[in-house]
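The values are calculated or read from the model by the stated rules, or taken from the named source; none is laboratory data. Note that the coordinates shown come from a computational prediction; the quantities given were computed from them, not determined experimentally. Because the Cβ atoms are built from the backbone with ideal geometry, glycine has one as well, and the counts that use them run over all protein chains shown.
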Amino acid sequence: MGRHSLRGDILQAGLRVMFRSGYHGASVRDICAAAGAPQGSFTNHFRSKEAFAAEVLDGYFDYLKGLISEALNDETLTARQRLKRYLDIITGKLERDRWKVGCLIGDLSLGASSHSNLLRERLDAIFREWRTPFASCIAAAQAAEEIDSQFDPTELAEFLLASWEGAILRMKVERRPAALERFKTIMFETVFKARSQHLASDRASTLHGSRRRRRVGRSVRKRSRRR
């Protein structure tokens with residue numbers, strides 16, 4: 001029987017350590033200790049810490065793509081409901097970690113992209129790939145007239161993901177879900193507001209304006225008669 005390769009163990013340990021300590025705080029020594037591997041084994045499998053972090057990032061994104069598929073490919077939900085479902089799935093994962101752990105993509109965007117061209121370019125590619133299924137889902141919601149079609153689906157996908165990452169960062173600071181719930185409530189009552197709600201709101205505004213104009217008209221006529 002061949003010797004067990006420590007490569008996978010080191011990658012899994014690296015994810016845990018980077019979540020806990022960040023990219024710069026995660027030393028090779030700490031990563032190998034968490035993996036139960038001798039420190040020399042790190043350089044046997046990875047040419048640099050930077051290249052190692054890129055592999056950890058790719059593994060994390062593969063995991064995230066599974067969650068995206070679970071939510072956005074759920075044919076039992078409408079397209080708008082699928083978007084909300086994804087955010088709820090992620091909220092559940094964050095709750096499991098007691099609001100202490102966020103998203104590795106956001107963490108590395110803040111902590112490593114300004115120091116590593118390799119990671120910055122990989123993160124940029126991930127964001128571009130990440131937005132694609134969301135843009136498709138948003139386009140489907142627009143085509144079904146679930147949500148307003150004023151903005152381009154890709155732009156909305158970019159806005160959704162960037163804003164969600166900001167809410168996750170705030171959650172980590174507060175160690176509670178308030179920022180996530182606030183984001184979801186506002187996002188789905190404004191940008192992704194159900195079109196039926198938009199129409200009802202428009203009708204209410206039109207009716208209110210019409211009533212106001214009639215009241216003003218009656219007031220003007222009364223003043224004219226007094227003269």
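General remarks:
- Arg223 passes every criterion in (1) in a helix (DSSP H, G or I); (2) modelled with pLDDT of 95 or more apart from (2).
- Qualifying residue in segment 143-165 (condition: over 15 Å from the mean Cα position of the chain (by Cα), assigned to a helix (DSSP H, G or I) and hydroxyl-bearing (Ser, Thr, Tyr)): no
- Among the residues examined, Ala125 does not qualify as within 13 Å of the chain's Cα centre (by Cα) and either closer than 21 Å to Gly25 by Cα or free of Cβ contacts under 8 Å to residues at least 24 places away in the same chain (or both).
- Hits in segment 44-62 - residues which are polar (S, T, N, Q) and farther than 15 Å from His115 by Cβ: Asn44
- Restricting attention to segment 104-150 and to residues that are in contact with an Asp or Glu (Cβ under 6 Å, 6 or more places away or on another chain) and not small (Gly, Ala, Ser), the residue that is nearest to Glu165 (Cα to Cα) turns out to be Arg131.
- When Ala71, Ala51, Ala79 are checked against the criterion of being in contact (Cβ under 8 Å) with a residue 12 or more places away in the chain and over 18 Å from the mean Cα position of the chain (by Cα), a single residue qualifies: Ala51.
- Only one entry in Ala157, Ala135, Ala162, Ala167 is in the same structural domain as Gly102 (by TED's automatic domain parsing), loosely packed, with under 15 Cβ neighbours inside 10 Å and modelled with pLDDT of 95 or more, namely Ala162.
- Close pairs from segment 180-204: first in the same structural domain as Gly92 (by TED's automatic domain parsing), partner assigned to a helix (DSSP H, G or I) and modelled with pLDDT of 95 or more, Cβ under 6 Å, at least 6 apart: Leu180/Thr91; Leu180/Ala167; Leu180/Met171; Phe183/Ala167; Lys184/Leu87
- Ile31 meets the conditions (1) out of contact with any Phe, Trp or Tyr (no Cβ under 9 Å at 6 or more places or on another chain); (2) free of Cβ contacts under 8 Å to residues at least 24 places away in the same chain in every case but one. The failed one is (1).
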